[in-house]
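Q: Below you'll find the structure I mean.
The values are calculated or read from the model by the stated rules, or taken from the named source; none is laboratory data. Every value quoted in this text rests on a predicted model; they were computed, and no experiment measured them. No Cβ is skipped: glycine too gets one built from the backbone with ideal geometry, and neighbour counts run over all protein chains shown.
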Amino acid sequence: MNIQGQAALVTGGGSGLGEATARELARLGAKVAVLDLNMDNAQRVANDIGGMAVACNVSDADSMAQAIATAAAAHGPARILMQIAGIGSAKRVVGKDGNAAPLEDFAKVINVNLIDTYNAARLFAAACAKLEPMEDGARGVMVFTASVAAFDGQVGQQAYSASKAGVVGMTLPMARDLAQHGIRVCTIAPGLFKTPLMQTLPEPVQQSLAASIPFPARLGKPSEFAELAVHIVHNDHLNGEVIRLDGALRMAPR
C-alpha cells in the first residue's frame, strides 16, 4: 500500500513507539490521527507532524469508536491502524506477604492490552471493509503491538505475557478472517526499547538491559520500530505474521 495520502490511526501516538510511528507515517505523507489518553502529548506530536490529536481511552469501547469517527470526519476513513497503546505489569502470583495477587490487576492488563486491541481492530475493520478496494483488492492494514514477553515472559509478568500472547494468537486467525475484505493484519513483538518508560530506570539498569541483547548490544530505537511498522504497510505480502524486533534477545527468567 502506498502510504502517501492515506488516513492513519495511531493509538498511543503521543509518546514512545507510537510517537515514532506517527512521525514516520506523516513523513511518508499519511494523514495521521494521534490517539492518546494524554492530550498534551497527542497535541504536541500532532502539531509537529501536521496531524490531528484525538482524545482516546483505549480501555473504553465508546471512546475508541468516537475517536475513529472523529478522525474519519477530518481525514476520511482510515486504511491504516497502528495499535500501539498498552500498559505493563509485574506482580508475582503469590506476594511476599503470602497473599494471592489481586485478580483485578490481571484483568486490567488483559483488558487494555488484549481486549482493547481486538476492540480497535473490529471497529477499524468494519469501517475499512466498506471502502472501495485498491490494487489487488486491498482495503487496509492493521499493525498490532505484542512483546517478546509473549514468548519468554519473566517472573511476575503473567498478566503482561498473557495479554501479549493473546495478541500474537489472534493475529493469524484475524488475518484469515479479514482476507475476504482485503484487510491485512500483522504484529510486531518488540524487545527492549529506549522509550520514556525505559528512561525512567536508572542509567546503570538501562545499560545492563542493553548489554543482555546479543547484537546490537543496545536498546532498540523507537525509529526502528516505526520503520518496520511502515514497511508492513508497504509490503502487501506481509500478512498474518508476528515479527520479533529484539536484536536476538531471549529474556532470562528474571
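Q: Quick one: would you say VAL168 is without any contact (Cβ under 8 Å) to a residue 60 or more places away in the chain and of a type in the set (Val, Ile, Thr)?
A: Working: without any contact (Cβ under 8 Å) to a residue 60 or more places away in the chain: no; of a type in the set (Val, Ile, Thr): yes.
No; evaluated as a whole, the condition is false for this residue.
Q: So ALA126 clears everything in (1) part of a helix (DSSP H, G or I); (2) at pLDDT below 95; (3) surrounded by fewer than 16 Cβ atoms within 10 Å (Cβ to Cβ); (4) not polar (S, T, N, Q) except one condition, right? Which one?
A: Checking ALA126 against (1) part of a helix (DSSP H, G or I); (2) at pLDDT below 95; (3) surrounded by fewer than 16 Cβ atoms within 10 Å (Cβ to Cβ); (4) not polar (S, T, N, Q), the one that fails is (2).
Q: So, one more: List pairs: first residue in region 51-78 and in a strand (DSSP E or B), second residue among the hydroxyl-bearing types (Ser, Thr, Tyr) anywhere in the structure, Cβ distance under 9 angstrom, at least six positions apart or on different chains.
A: Pairs that qualify, where the first residue is in a strand (DSSP E or B) and the partner is among the hydroxyl-bearing types (Ser, Thr, Tyr), are MET52/THR70; VAL54/THR70; ALA55/SER63; ALA55/THR70.
Q: I need the full set of residues from region 173-195 which are closer than 24 Å to ASP136 by Cα, outside any strand (DSSP E or B) and hydrophobic (A, V, I, L, M, F, W, C), in order please.
A: MET174, ALA175, LEU178, ALA179 - these are the residues of region 173-195 that are closer than 24 Å to ASP136 by Cα, outside any strand (DSSP E or B) and hydrophobic (A, V, I, L, M, F, W, C).
Q: Follow-up. So which residues in region 23-50 are part of a helix (DSSP H, G or I) and in contact (Cβ under 8 Å) with a residue 40 or more places away in the chain? Lay out the reasoning, then the answer.
A: Step one: list which residues in region 23-50 are part of a helix (DSSP H, G or I), which gives 23-27, 39-49.
Selection gives ARG23, GLU24, LEU25.
Q: Quick check on my filter: what residues within region 167-226 are modelled with pLDDT of 95 or more, of a type in the set (S, T, N, Q) and surrounded by 12 or more Cβ atoms within 10 Å (Cβ to Cβ)?
A: THR171, THR187, SER223
Q: Next question. Looking at region 196-253 only, could you name the residues that are more than 14 Å from the chain's Cα centre (by Cα) and part of a strand (DSSP E or B)?
A: If the condition is that a residue be more than 14 Å from the chain's Cα centre (by Cα) and part of a strand (DSSP E or B), then GLY220 is the only one that fits.
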